[in-house]
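> Right, I'll just put the structure down here and ask away after.
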4 protein chains.
Amino acid sequence: MAGSSFGHLFRVSTFGESHGGAVGVVVDGCPPGLCITVEEIQAQLDRRKPGQSDITTPRKEEDAISIMSGVFEGRTTGTPILLLAHNKDVRSEDYQHLKDLVRPSHADFTYLKKYGLRDWRGSGRASARETLARVAAGAIAHKYLRERLNLSIVSYVEQVGAIRADINPSTVTNAEVEENIVRCPDSDAALRMIDLIRQVQSEGDSIGGVIRGVIRGAPAGLGEPVFDKLHADLGKAMLSINAVKGFDIGSGFDATHLRGSQHNDPFIITSAGEICTKTQHAGGVLGGISTGGEITFRVAFKPVATIAKEQETVTTDGVATKLSASGRHDPCVLPRAVPIVDAMAALVMMDHYLRHKAQNL
Amino acid sequence: MAGSSFGHLFRVSTFGESHGGAVGVVVDGCPPGLCITVEEIQAQLDRRKPGQSDITTPRKEEDAISIMSGVFEGRTTGTPILLLAHNKDVRSEDYQHLKDLVRPSHADFTYLKKYGLRDWRGSGRASARETLARVAAGAIAHKYLRERLNLSIVSYVEQVGAIRADINPSTVTNAEVEENIVRCPDSDAALRMIDLIRQVQSEGDSIGGVIRGVIRGAPAGLGEPVFDKLHADLGKAMLSINAVKGFDIGSGFDATHLRGSQHNDPFIITSAGEICTKTQHAGGVLGGISTGGEITFRVAFKPVATIAKEQETVTTDGVATKLSASGRHDPCVLPRAVPIVDAMAALVMMDHYLRHKAQNL
Amino acid sequence: MAGSSFGHLFRVSTFGESHGGAVGVVVDGCPPGLCITVEEIQAQLDRRKPGQSDITTPRKEEDAISIMSGVFEGRTTGTPILLLAHNKDVRSEDYQHLKDLVRPSHADFTYLKKYGLRDWRGSGRASARETLARVAAGAIAHKYLRERLNLSIVSYVEQVGAIRADINPSTVTNAEVEENIVRCPDSDAALRMIDLIRQVQSEGDSIGGVIRGVIRGAPAGLGEPVFDKLHADLGKAMLSINAVKGFDIGSGFDATHLRGSQHNDPFIITSAGEICTKTQHAGGVLGGISTGGEITFRVAFKPVATIAKEQETVTTDGVATKLSASGRHDPCVLPRAVPIVDAMAALVMMDHYLRHKAQNL
Amino acid sequence: MAGSSFGHLFRVSTFGESHGGAVGVVVDGCPPGLCITVEEIQAQLDRRKPGQSDITTPRKEEDAISIMSGVFEGRTTGTPILLLAHNKDVRSEDYQHLKDLVRPSHADFTYLKKYGLRDWRGSGRASARETLARVAAGAIAHKYLRERLNLSIVSYVEQVGAIRADINPSTVTNAEVEENIVRCPDSDAALRMIDLIRQVQSEGDSIGGVIRGVIRGAPAGLGEPVFDKLHADLGKAMLSINAVKGFDIGSGFDATHLRGSQHNDPFIITSAGEICTKTQHAGGVLGGISTGGEITFRVAFKPVATIAKEQETVTTDGVATKLSASGRHDPCVLPRAVPIVDAMAALVMMDHYLRHKAQNL
């Protein structure tokens, strides 16, 4: 209830601060008998890891994950799975000068107002380091979805600042996404994005952008009527990621300019005799329930708050002061956020699949 | 778990199909002692009601609400409140011709795939008539928030098709919103919106748009870290409304074009000695927790699916056919959706206030 | 969260006071396609109804139930089912003299302390009239369990005061339970129980007893490890019934006197080659999970609090006074509680079946 | 949803098998600012620890607990608290011979039926080692309840086999409970209990009994109407403890023999002008809500299943065989279960206090 759990039937509960003892997650409700290895989970974590390229933070965090329960002889047992990453080489002294400040557009101020005290080391619980727990749990969900439903998820950077990629969501592959350090499968746009990020970095600044998510192979029928619509839960999942400020599905905000006769997706019969839609403006969801078609959505990231440029702020005592961050931070969070979007999508789809299975299959 | 409940501590559970016996909601967890009357609830329902102007559907639905439990001598008792609206004058025969069709961009197809059967009368559970239950429950939450916290919510139509209003969210009032039938407080834009809607209507078509929501007086500290961030729950709430395809908070999608140095909101000290932010790009939420400043967000509505223009579709047996809707439908859902946005915002704020109170106050 | 909902996947939310507008329940998560009629539900309600014999209260409450949503053409649609019973012929003036009293062993005092106000008409939300909603919801669950799993539930009165019946739980049938007005299938004991209840009634007093519940045909594997053990949820379900003060499963409290070598149930092989237990001390549950054997449990009811005999009490202002109840109350609640025990057992089994199905089937 | 979490607002999620990497718990929703040390938690764990006396198992498990998150500079931060105990010196080979057996009255059979596979080392997730996580979490809840409400919990062994202690629940102290190794504050009865346990142990057998729980200082108003009655949640909490088969509150099963005029607790006025009850048959709860008086309940434990005496059983392949356990097991689980009862009571009271605070304070 205090906000660190997600999902009803495939339920993940994360814990940990960036500079506490450990960060991790308990996954409860995983079906038994799924083969899963540390290496499969670690592979996803490595996509999120700091220091993976020169356009990410040079921090060298140890994201080595351990499976501490719920897996026996390589298979899930159906009981809670603890995934744990110890915090190492934390340099809490780097944050000492932030102890009595509230950093602009960070959670320092709101945590202090909410709880009356805060762990000021490395953003505490508000640290993006928490997202490694999501990626780890998502790797398990994704494996199950692939094996059981042949469902796959591909996310990629679609936009950085004003640079927009030209990509066909229906054919893009994860291998293409991994071809460059910015995780944009349009290689021309990728080069320009990388240039922009380096320029922003050299200016001591940061830049935002958009990640596109694509889910293929979702069966029709996932999602619940009314409040727990599939795209409502996808939206919540994405909006819960650090630095995300917007979400839309299918035509999304662009649909607001359209007429019904333009936006409606006519139903047609495939050569195999299946009912499907001719166009995909709805993004694969009707009435909150998956159609069986491709699900596509966008996730808007603000420029990260930590910048080297000098900024105005105040101390917790209310005295005006200046702040220049030391600079072990990402100029653009999007390349490392791609596996987080993948993971959150997997968690949503997994939970909704089990919910649907319980009632209707 | 089947999706018809929302909130954890102020928990609403809606029920009802458009052509079944009744539509309504159980509100559990309302604090005791709140004075509430049927008239106060009905006033909000009348803003959502069909037939309220010539740019809404001419259907004359009875939305008369009754309080059936949980209120004694005019005050809430702390036990579940049942709010019930009987369905009257339903013309199920109007839908007879839709029985064996799947209407484009409607939930007919997905409900059939999910449940194996569907109530084809008036969209069944997917009908927007369900939203009257949300508005009724929201009226109770809003009353409590106003009385206890002096918190108020104002939503309005900001955009219809390409017509965008010019409104200062910080000063707009509910009275201004109610000054015209399109619920856009920029009177010039409102006239153009009304013209556009009438034109679309005459063409047998529909049009989308954007509603802006503004929450004033929210105390700092509402929202939970990690998954249940305040804006993640606002996003889910809005995305669960029929026809909504997108959500953003503060600068939202526009923030993706900005540098951190442009987007960050510097902290300053007010003349009263309070810490607040100089700008409001964050939309009143940092790290998922309210700052104490104004909360602003946008909700993107697609053009409604039901149009009089002829469309291609298929029967449930998979035979291609044509469909022209009979036309008792809204050409633009936004004017009637304003109180729904208000209501969902109230439900989110109420639940998060009680959650914060439980742990931290 | 405010306590009026039960179950996770087959979720029932009850509402209503005895003298408000209506009492009822929303059932969310019911699998679609189940045939259910008002008559099937009403048949169970009639077993709970006041005035059914001379050993129950002579109150003539209208328990006529309506299905208001979630059922279309006789089958469940998968969406929320509203079951509603209007309150009729309520004589609130009968309770006027109780308005400023706290009745001994009633909830008047605790509701007042909890909420600061209370609906004093007919015990308000604490009225046993609420249990009709449980019986109605349980009838749907029981039908599903019978059809899908061939699971059946039989409950009966095993003890009234010191009179204990001699019944073989493994062979008792619902028809036998219905053979007499006290719902004890040992006809000799039943006669003595009825005599005792009449005597207690004539003395203006009340008497407690024990109901035995038997669940047959539950598949192995229902129940969750650790907190949501099957018998823990059965226990909670039973303890939530008005006037219940104790619960045990299998040998229960008697097991505290036994040695492990006496209590352990040896595993054996049936002639059909199935593994089962030779004895049934565990009551059909091991480690919180059903074995596939018969599940048996006991539910202890206190004597009902409302008695005609004069009692000491105080006013809400703290003045000592005397109270003699007017006497339209049950001298022994057990005969009418049998269908409530049936219903709560059905709700627990249904929810656990869906939970098991979601994760493991 | 898979059963390893407890509580709504003070929510504990346990994980871990006896022979996996670690056992522990995530506590989410703890109010911020509570001072808590590892030593305070360890003190409770030491009461549960194996090997603490000659009447408990001689296993030497390492129950050393670490606080891995959610506590900063000695105080809770309001974010999830991870409490972790690594498994050390596990002798999985001791269990090798049990790999293909289903032990009588153990969870081997039901886990296998539920999940299709099981971790056969040391009972896996069904191991009582899981309860150390409950004790650790309960220590935090108990500390908060003592500091904030002056609420205290005392549990003790009331009965072992047929030996029943004579103790006044209203005056017994935790110091008295700790005076002997059986944790029965009636020293005469304690000696006889210890003798009985030693005798049972020498026979290679086990014995059951009853623990009494007493909660003092609970304010009036805790517990929810209808399903989440305080005693229903206490009952579920206790029934979820390994080897527990029964629960009752106040007069409990004994109340079934009483008349209403004997059982009802008259309300009186104290010399301080407070309303309270003259007698305590209800056990401190009316209508599911605490009265402000002492809460007393009983918990029935069966004799533990693991015994050295030879027993009949079958292999997982369905072949009859014999089993004699090796003997590092408790002949009577009650002395070590006392802190578990304390802990579960603390978790229930804590959660209900926060729920009450959210809605009504």
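The values are calculated or read from the model by the stated rules, or taken from the named source; none is laboratory data. Computed from a prediction, not measured in an experiment: that's the story for all the values here. Note that we place each Cβ from the backbone using ideal geometry, even for glycine, and neighbour counts take in every protein chain shown. Areas reflect the complete protein model, heavy atoms only, side chains present, ligands, DNA and RNA absent. Shrake-Rupley method; radii C 1.70, N 1.55, O 1.52, S 1.80 Å.
> Give me the accessible area buried between chains B and A, both sides summed, with a 1.4 Å probe, in Å² rounded to the nearest 100.
On the way: alone 16940 and 16970 Å², together 25340 Å².
The summed interface area works out to 8600 Å².
> I'd like the FRET efficiency for D:ASP195 and D:SER271, computed as 1/(1 + (r/R0)^6) with the beta carbon distance as r and R0 of 45 Å, rounded to 0.05.
For R0 = 45 Å, the calculated efficiency reads 0.50.
> On to the next question. Can you give me the accessible area per residue for the range A:2-359, using a 1.4 Å probe, in Å²?
Details: 10580 Å² over 358 residues.
With all protein chains present, the range A:2-359 gives 30 Å² per residue.
> Give the Cα extents of the protein assembly as shown along the principal axes, in whole Å, largest first.
83, 70, 69
> Let me ask something else about it. If you wrap a convex hull around the Cα atoms of the range B:53-100, how much volume per residue is inside, in Å³?
That works out to 145 Å³ per residue.
> Let me ask something else about it. Over the range C:207-354, what percent of the accessible surface lies on carbon and sulfur atoms, probe 1.4 Å?
Values: 1730 of 3570 Å².
Roughly 48 percent of what the probe reaches on the range C:207-354 is carbon or sulfur.
> Please give the per residue volume of the convex hull enclosing the alpha carbon atoms of the range B:209-274, rounded to a whole number of Å³.
Values: hull volume 9.6 nm³, N = 66.
Per residue, the Cα convex hull of the range B:209-274 comes to 146 Å³.
> Now for a separate question. Over 23 Å, how big is the tail of the calculated P(r) for the range D:234-346, in percent of all Cα pairs? Numbers along the way, then the final one.
Working: 3248 of 6328 pairs.
In whole percent, the long-distance tail amounts to 51.
> Taking 25 °C and 0.890 mPa s as the conditions, I'd like the Stokes-Einstein D for chain D in µm²/s, using the Kirkwood hydrodynamic radius from alpha carbon pairs. Working shown, then result.
On the way: Rh = 21.4 Å.
It diffuses with D of about 114 µm²/s by this estimate.
> Tell me, what ³J(HN,Hα) does each residue in the range C:71-87 have, in order and in whole Hz, if you take phi through Karplus 6.51 cos²θ - 1.76 cosθ + 1.60 with θ = phi - 60° and put x for Gly and Pro?
Whole-Hz 3J(HN,Hα) from phi for the range C:71-87: 10, 10, 6, x, 10, 5, 9, x, 9, x, 9, 9, 10, 10, 10, 6, 8.
> Using Cα positions and a limit of under 17 Å, work out the aspartates and glutamates in reach of A:LYS278, with same-chain residues fewer than 8 apart set aside.
Here the aspartates and glutamates satisfying the reach criterion relative to A:LYS278 are A:ASP265, A:GLU294, B:ASP108, B:GLU310, B:GLU312.
> Another question about this same structure. Ranked highest first by the average count of other Cβ atoms within 10 Å around their residues, in what order do D:102-115, B:274-287, C:128-141 fall?
Values: D:102-115: 24.9, B:274-287: 21.3, C:128-141: 27.2.
By packing density, highest mean first, the sequence is C:128-141, D:102-115, B:274-287.
> Give the distance, in whole Å, between the Cα centre of the range C:198-214 and the Cα centre of the range C:144-171.
Value for the Cα centre distance between the two parts: 18 Å.
> Same structure again: Pulled fully out, how much extra length does the chain show between A:LYS60 and A:VAL319, if you take 0.36 nm times their separation in residues and subtract their Cα-Cα distance? Don't skip to the end; give the middle numbers.
On the way: separation 259, 0.36 × 259 = 93.24 nm, distance 3.39 nm.
Residue separation times 0.36 nm, minus the Cα-Cα distance, leaves 89.9 nm.
> Treat every Asp and Glu Cβ in chain D as -1 and every Lys and Arg Cβ as +1, leave all other atoms uncharged, and give the resulting dipole magnitude about the Cα centre to the nearest 20 debye.
Using only the charged Cβ atoms, the result is roughly 580 debye.
> Starting with the highest mean, order A:312-318, B:41-47 by the number of other Cβ atoms within 10 Å, averaged over the residues of each peptide. Please list the in-between numbers first.
Values: A:312-318: 16.0, B:41-47: 18.6.
The most tightly packed comes first, giving B:41-47, A:312-318.
> Any idea how far the Cα center of the range A:262-328 sits from the one of the range B:325-361, in Å?
The distance from the Cα centre of the range A:262-328 to that of the range B:325-361 comes to 21 Å.
> Which whole-Hz ³J(HN,Hα) couplings does the range B:23-40 yield from phi under the Karplus relation 6.51 cos²θ - 1.76 cosθ + 1.60, θ = phi - 60°, glycine and proline marked x?
Result, rounded to whole Hz: 10, x, 7, 9, 9, 10, x, 5, x, x, x, 6, 6, 8, 10, 4, 5, 4.
> On a C-alpha basis, how far is the centre of the range B:16-75 from the centre of the range C:1-48 in Å? Whole number, if you could?
Here the two parts' Cα centres lie 22 Å apart.
> Amide H to amide H, which residues 5 or more places from D:ASP265 or on other chains are under 5 Å from it, using H placed in the peptide plane?
Amide H neighbours of D:ASP265: C:SER105.
> Could you work out, residue by residue across D:278-291, how many beta carbons of other chains sit within 10 Å of that residue's beta carbon, and then give the average as an integer? Don't skip to the answer; put the middle values down first.
Values: counts 2, 2, 0, 4, 6, 1, 0, 3, 13, 15, 9, 10, 3, 4.
Neighbouring Cβ atoms belonging to other protein chains average 5 per residue here.
> Work out the mean other chain Cβ neighbour count within 10 Å for the residues of A:66-78 and drop it here as an integer.
Numbers: counts 2, 2, 11, 13, 9, 4, 10, 2, 0, 4, 2, 11, 13.
That average works out to 6.
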